[in-house]
Amino acid sequence: MIKVLLADDHAILREGLKSLISLDPEFKVVGEANDGLEALEMAGSLKPDVILMDIAMPVMNGMEATKKIKEKYPLIKVLILSQYDSQEYLFNVLQAGASGYVLKRNASGELFWAIKSVHEGLAYLTPAMASLLINNHFKEKEPEPDGKEIFTPREHEVLKLIAEGSTNQEIAEKLIISLKTVQTHRSHIMEKLNLHDRTELIKYALAKGIISV
């Protein structure tokens, strides 16, 4: 029998899920958590096989709870059950350690198979989310994610140093070039990116992976 823990802050939804899951004798609901913190505590005391985890919950959200649960109890599988069909949510929960993602609107048709899949060590994505993942992976990308293709090697060095917070004088000293040369490189970088201030440049560098937070 697969032991399931429900983690959702809506009691009516939990009751509906419990009734649905109880239709299959292979499953048993062993507990219900109202928020992510409760889910974390119950994971330790009840040792469920699979946790059905909502994302938007009070006290501790589903992503944080998933991360902590997987750190403390790596054998417990977490299956996200959410209303959000967003690529951002999908990537974040997968990075947190979730084994699957099911949309609430599809739960009645997919839940049994999804629970069985993650319990057996497989990943499960509701078709709409699987399409998002595939489309994102195979969509046309720029040749270089860090923007090297539009800059000279020296401009790329200057861009990185600017984004890291170095002044023009500090850049000149680090690269052993004149202050005027630094200013020229900086001007060319801004023109190529059509940016107008340092804040925009930092955002670009973060987005392209040139610097990290």
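Can you list, bin by bin at 5 Å, the percent of alpha carbon pairs in the range 53-116, starting at 0?
Once binned at 5 Å, the Cα pair distances of the range 53-116 give 4, 20, 30, 25, 17, 5, 0.
How many nm separate the modelled label positions at Q83 and N106, each set 7 Å beyond the Cα in the direction of the Cβ?
Between Q83 and N106, the label points sit 1.8 nm apart.
Using a Förster distance of 35 Å, how high is the FRET efficiency between L122 and K160, based on the Cβ-Cβ distance and rounded to 0.05? Write down the numbers at each step before the final one.
Working: r = 41 Å, r/R0 = 1.18.
Here the calculated transfer efficiency is 0.25.
Within 10 Å of each residue's Cβ, count the other Cβ atoms and sort L161, L103, L195 from fewest upward. Numbers along the way, then the final one.
Working: L161 21, L103 18, L195 15.
By the 10 Å Cβ count, ascending, the order reads L195, L103, L161.
Between the alpha-carbon centers of the range 158-184 and the range 1-70, tell me the distance in whole angstrom.
Centre-to-centre distance over Cα atoms comes out at 53 Å.
Among F151, F112, F91, which comes first, then next, by fewest other beta-carbon atoms within 10 Å? Intermediate results must be reported in sequence, preceding the final value.
Details: F151 21, F112 17, F91 13.
Going from least to most buried by this count: F91, F112, F151.
Give, to the nearest whole percent, the P(r) tail of the range 10-86 beyond 14 angstrom, counting all Cα pairs.
Working: 1763 of 2926 pairs.
The share of Cα pairs beyond 14 Å in the range 10-86 comes to 60 percent.
Using 0.36 nm per residue, how much length does the chain from K180 to D197 gain when fully extended, once their Cα-Cα distance is taken away?
Working: separation 17, 0.36 × 17 = 6.12 nm, distance 1.83 nm.
Result for the pair: 4.3 nm of gain on full extension.
Would you mind listing how long the chain runs along its three principal axes, going by Cα atoms, in whole Å with the largest first?
Projected onto the principal axes, the Cα atoms of the chain cover 75, 33, 27 Å.
Sorted by packing (mean other beta-carbon atoms within 10 Å per residue), highest first, where do 177-190, 10-23 land?
By packing density, highest mean first, the sequence is 177-190, 10-23.
FYI, it's all coordinate maths here, none of it is from the lab. On a predicted model such as this, the values are computed, not experimentally measured, just so you know. Here the Cβ is made from the backbone with ideal geometry for all residues, glycine too, and neighbour counts use every protein chain on show.
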